[in-house]
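The values are calculated or read from the model by the stated rules, or taken from the named source; none is laboratory data. Just so it is clear, the structure is predicted and the values come from calculations on it, not from any experiment. When we count neighbours, we look across all protein chains shown, and the Cβ atoms used for this are built from the backbone with ideal geometry, even at glycine. When the accessible area is computed, the model is the full protein with side chains, heavy atoms only, and any ligands, DNA or RNA have been set aside. Shrake-Rupley method; radii C 1.70, N 1.55, O 1.52, S 1.80 Å.
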Amino acid sequence: MVALSMLAALRGVSYAQWWAPPPPSTDEADRIAAFRITSLEGLFGTRYWRDTNDVTTRIAPGTEGADTGDRSRLRQTLSNLRTELFVLARGYAYHPKLVALEMGAGPVYDVNGFTTDGNTTTTRDTNYNLLLRGRFLAEKPYRGELSYERTNDSQPVGPAQSLLLQNTRYGGSASVYAPVTPIPLTISANRQELRGTGTEQVVEDRIDDFNVRAEREIAGRGDMHFHYQATRTDSMSGSVGIPIHPSRTDAGRAQLDTHLVFGEAKQYDVFGVLFANTLQTSTGVGSDFDTRQWRATLDFRGRHSETLQSNAQYQYDSTRQSSESGSLTSTVQSVTGGLTYQPTPMTSATLNADAMTTRGTALSSDQATIAGSASHRIALPLGELTGSVRTSFRNRDQRTAGTIGHVLGERVTLADSVFRTLQNSLIAAPSIVVMNVQRSQTYTEGIDYALDVVGVNTRIRRLVGGNIVDGQEVLVDYDFDVGGTYAVNQFDNSADISWRISSIYSLYARWSDSSLRLQSGTPSSPLNPARTVLYGTRADVPLSLLVDATVGGLAEWEDRREVIAPYKRTTFEAYADVALPWISRSGIHVGGRRQKLEYPLTPEHDVTQTHYDARFWSRLPGDVEVSVGAGWDHDRGSPLVEREYKSLLSRLRWRVRRFTVTAEYARIFEAQGPAERLHSRGQVALRRDF
């Protein structure tokens, strides 16, 4: 301080004058104000939507409670009429670079109706939307932001259903950059509260999250990124048809990503990832679930020349899961490497090798594989011929400390009502537990979902009329047979050949063979050598006679011969895309698909699937956009029973300057076994921006 004062005195100015920043320019001075609004915008709108859920179930004669003859029916309707006004102001305090502000608010008036089996409840509610956001010191090496946002809206939870949703979110962030710190750093903390009501589901969540982000550029060499996130979720969300238990989930996640480049031409890349994750869930029924995972990955990629490339990777993965039913630990280490050689644009070859060791509670194994492939393309007078071959040899030696392995929280998305295959084989069906992602609800087999076993694989699907929403993600816990102690050699070969005539027509065939030889021990299930033959053809033919159109299709046959679950598959597809000449920027699509699966050893699993779809779209004069789409799916065969799925989705949008009208209608019909569900949603919205 004394030295600065002496230097200022030598210059003939006071210390305060010398240290102070230069006076602002005339333009900057004009922008200084205690408070100023720089722009104003807003909207006024009204919207009405109606969401109907109609479930009909056939009841066997003589069943208690079958007072409607042979059917029971539940019809629920949720409607919402909303009028809202929202005004958003942007401005600043003192100077735009000091405090930049966004302030928005407006009233929301709702009329909600809920009907169950003819009993109607109507509520009127006056609420508000609010947005407050301030950004501080936007161009300084130290910056910050505070925000508060509250919205009242609807949120889709399926193809034709919605939730009335209130979302409140508030929090802030702070960032520092060079020269304050050599490592740019951002810290943020937020709380979000969600409350929603629908015909099938309710949402009541409180989510607290804390984030730390940092990054560093390494001059001429690459960059590093670090992210840490801690989240706590308190949930009472779930389906309205079954009890909901409170649950709390604490999640922590840290990840460091590094990318470095080397070489005179920067032809060598090294990627590194360090990852740690913890997940703890406790429920109101006393069940606790705990997962801890650590992972380290080092990935090398080199471009030695225009024709030769290489890659190598090492990965370490450690997982520990525990619950009341038991605990599971697993440590996996793997090393992979390979070369890619492409001497000409028409010829390429690869050579790969890998080794992996697994050490777990119930299963330990050592595995090594070497594989090679080659492909070549030949230009013909008519089209192009492509051929490729692949061969691999694998040795696997596994040892078991017990007979049963555990899986906690395998994530499965149950869209429509088709089967999804679980990851492990030889699953003990009685051990399967299906819960929602928050683990606040447990679903019931035969009511909410169904299981099916094909060979050694177990499949799961949602049931029409159950409590799992179309497209919902669920968690599946189960026990499985680890397979026994044994060593096996596996030799795989495959060959592909295809003939393509430009982009119009192609023929292709594929052959694969997998042979296994038992070296020692006794596996729990028989070895499953397989040989597959697949051949097909595809056409996409453009037409430009009376109209511009493209027609095409596919025909494919597959024959898989194996020990456990052999099958034959036949698939046919056809489609047409037509541009309508009398309406500009408009078109029609129609398509169909038929697939038949036959299982010689278990004919009860045979199924025939049929699908049709059609869509019309247009952009008319006057900025009018219209689209209508419909689909129909039908499955015949056990255990799918007679599954039928119909959908109709339509949308109209008309915009005149700042006035917008939208209309939407969606209708989903599902039938499966004794249950039928009809879900429909219609909406009309008018909006004026200003």
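Points worth noting:
- Each part gets one Cα centre, and for region 555-627 versus region 173-243 those centres are 41 Å apart.
- Counting Lys and Arg as +1 and Asp and Glu as -1 over every other residue whose Cβ lies under 12 Å from the Cβ of TYR449, the net charge comes to +1.
- Peptides ranked, highest mean first, by Cβ atoms within 10 Å: ranges 332-342, 45-55: 45-55, 332-342
- 222 nm mean residue ellipticity, helices alone, for the chain (DSSP H n ≥ 4; -39,500 (n - 2.57); rounded to 500): -500 deg cm²/dmol
- The stretch between THR231 and ASP317, if pulled fully straight at 0.36 nm per residue, gains 28.7 nm over its current Cα-Cα span.
- Averaged over residues, the count of other Cβ atoms within 10 Å places the peptides 668-676, 593-601 in the sequence 668-676, 593-601, highest first.
- Excluding same-chain neighbours fewer than eight residues apart, the lysines reachable from LYS646 by a Cα-Cα span under 29 Å are LYS568, LYS596.
- Debye, to nearest 20: dipole size of region 269-412, +1 on Lys, Arg Cβ, -1 on Asp, Glu Cβ: 220
- Estimated at 0.36 nm per residue, the fully extended path between LEU545 and SER494 surpasses their Cα-Cα distance by 14.1 nm.
- Distance in nm between pseudo-label sites at TRP617 and ARG216 (7 Å out along the Cβ direction from Cα): 4.8
- Calculated Rg/Rh (Cα atoms, Kirkwood Rh) (choose from [x] 1.01; [y] 1.06; [z] 1.20), label: [x]
- The chain: relative contact order in percent, alpha carbon pairs under 8 Å with at least 6 residues between: 8
- Dipole size of the chain about its Cα centre, with +1 on Lys/Arg Cβ and -1 on Asp/Glu Cβ: approximately 1440 debye, rounded to the nearest 20.
- Apportionment of accessible area to carbon and sulfur, the chain, percent (1.4 Å): 58
- Dipole-positive endmost among VAL437, ASN457, VAL273 within the chain (Cβ charges, Cα centre): VAL273
- With the charge dipole of region 347-405 set up from +1 on Lys and Arg Cβ and -1 on Asp and Glu Cβ about the Cα centre, the Cα lying farthest toward the positive end among the listed residues MET356, GLY402, ALA368 is that of GLY402.
- Label-point separation in nm, ASP125 to SER515, each point 7 Å along Cα→Cβ: 6.9
- Here the gap between LEU351 and LYS97, fully extended at 0.36 nm per residue and compared with their Cα-Cα distance, gives a gain of 85.7 nm.
- A Cβ-based charge dipole, computed about the Cα centre of region 134-256 with Lys and Arg at +1 and Asp and Glu at -1, lands at about 320 debye.
- Between region 476-554 and region 337-364, the C-alpha centres lie 19 angstrom from each other.
- Rough spin-label spacing in nm, given labels placed 7 Å along Cα→Cβ, for ARG411 and LEU554: 2.7
- 12 Å beta-carbon shell around VAL656, net charge (K/R +1, D/E -1): +4
- Dipole of the chain [Lys/Arg +1, Asp/Glu -1 at C-beta], most positive-end residue of ALA671, THR231, SER425: THR231
- Taking every protein chain into account, the accessible area of the chain amounts to 54 square angstrom per residue (probe 1.4 Å).
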